[in-house]
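K.L.:
Quick one: structure below, then a few questions.
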Amino acid sequence: AAAGHPTRAAAPDDLLLDVIADEVLPGLPPELAAFLLDVTTVSELDGVLAAGISGRSDALALLEECRRRGLFLDRFGTDGAAQYRWHDVFASRCRKLVALRDPEHSRALHLRAAELLTTRQPLHAIDEALLGGDPRRATEILVDSWILLLAGRAEESPERVLTRIPEPYASRDDVRTITACA
């Protein structure tokens with residue numbers, strides 16, 4: 001990468017980020033590269049979530065194209081219920097690249113993911129809302145889903161997310177009650 005490269009200035013030791021930015025993405029059709037950067041917002045997804053995040057009705061076909069091209073994407077399950085998982089390191093570098101290139105778009109993608117995940121994965125939705133810079137929305141998701149969290153029906157234990165709710169939201173009476181119950 002050139003000395004003035006935008007990713008080099010922000011992450012001087014991140015060779016993988018440079019490889020993705022300089023070699024992987026330019027080697028893809030622009031439409032597929034843009035889709036890939038959008039849907040790596042989350043590591044695990046299905047066609048519905050990919051379509052919601054990307055705004056593309058052909059998201060499932062594009063996920064399959066990414067997989068066919070060997071872009072660090074695995075598929076699990078049958079065609080009707082296929083789940084996809086990006087390799088964590090690849091997805092994290094793609095998220096970082098989006099944030100470096102267009103921080104506002106990065107925040108918007110995380111907020112879109114939060115809304116799409118609210119009912120099926122509330123803890124993940126809280127994380128996405130926080131990554132999107134909206135602690136108020138993260139707190140709303142927490143308060144709306146606390147029964148699922150306390151009943152153990154959420155995708156994981158709520159303690160990790162509860163510690164990430166910032167002030168003044170963490171001091172709200174309803175959040176303190178949920179924290180005490182958890």
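The values are calculated or read from the model by the stated rules, or taken from the named source; none is laboratory data. All values derive from a computational prediction rather than experimental measurement. Reconstructed Cβ throughout: ideal geometry from the backbone, glycine too, with neighbour counts over all protein chains shown. Quick note on the areas: whole protein, heavy atoms, side chains included, nothing else; ligands and nucleic acids left out. Shrake-Rupley method; radii C 1.70, N 1.55, O 1.52, S 1.80 Å.
K.L.:
Among the residues of segment 52-76, what is the count of those that are farther than 20 Å from residue 27 by Cα and in contact with a Cys (Cβ under 9 Å, 6 or more places away or on another chain)?
P.N.:
So the count comes out to 0.
K.L.:
Which of (1) of a type outside the set (Asp, Glu); (2) assigned to a helix (DSSP H, G or I); (3) touching a residue at least 40 places away in the same chain (Cβ under 8 Å); (4) open to solvent by less than 70 Å² (accessible area, probe 1.4 Å) is the odd one out, the single condition residue 96 does not satisfy?
P.N.:
Exception for residue 96: condition (4).
K.L.:
In the set 125, 82, 180, which member is surrounded by 14 or more Cβ atoms within 10 Å (Cβ to Cβ) and either out of contact with any Asp or Glu (no Cβ under 7 Å at 6 or more places or on another chain) or touching a residue at least 60 places away in the same chain (Cβ under 8 Å) (or both)?
P.N.:
Just a single option satisfies the conditions, and that option is 125.
K.L.:
Among all residue pairs at least 6 apart or on different chains, which show Cβ distances below 9 Å where the first residue, located in segment 158-177, is within 14 Å of residue 145 (Cβ to Cβ) and the second is polar (S, T, N, Q) and modelled with pLDDT of 90 or more?
P.N.:
As it stands, the answer is 165/139; 174/139; 175/139, since those pairs meet every condition given.
K.L.:
Just wondering, is there one or more residues in segment 68-88 that are among the aromatic types (Phe, Trp, Tyr), touching a helix residue (DSSP H, G or I) at 6+ places or on another chain (Cβ under 9 Å) and in a loop (DSSP other than H, G, I, E, B)?
P.N.:
Yes: segment 68-88 contains one or more residues that are among the aromatic types (Phe, Trp, Tyr), touching a helix residue (DSSP H, G or I) at 6+ places or on another chain (Cβ under 9 Å) and in a loop (DSSP other than H, G, I, E, B).
K.L.:
Suppose the filter is of a type in the set (A, V, I, L, M), in contact with a Phe, Trp or Tyr (Cβ under 9 Å, 6 or more places away or on another chain), open to solvent by less than 20 Å² (accessible area, probe 1.4 Å) and at pLDDT 95 or above; does residue 33 pass it?
P.N.:
Considered against the rule, which asks whether it is of a type in the set (A, V, I, L, M), in contact with a Phe, Trp or Tyr (Cβ under 9 Å, 6 or more places away or on another chain), open to solvent by less than 20 Å² (accessible area, probe 1.4 Å) and at pLDDT 95 or above, residue 33 comes out as no.
K.L.:
With 90, 76, 72 as the choices, which residue is open to solvent by less than 80 Å² (accessible area, probe 1.4 Å) and farther than 29 Å from residue 146 by Cα?
P.N.:
90
K.L.:
Pull out all pairs, ordered by first then second residue, where Cβ-Cβ is under 8 Å, the residues are six or more apart or on different chains, the first lies in segment 1-28 and is over 15 Å from residue 71 (Cα atoms) and modelled with pLDDT under 85, and the second is open to solvent by 30 Å² or more (accessible area, probe 1.4 Å) and of a type in the set (Gly, Ala, Ser).
P.N.:
The qualifying pairs are 7/1; 8/1; 8/2.
K.L.:
Yes or no: residue 82 of a type in the set (A, V, I, L, M) and touching a Phe, Trp or Tyr at 6+ places or on another chain (Cβ under 9 Å)?
P.N.:
When the stated conditions are applied, residue 82 passes them.
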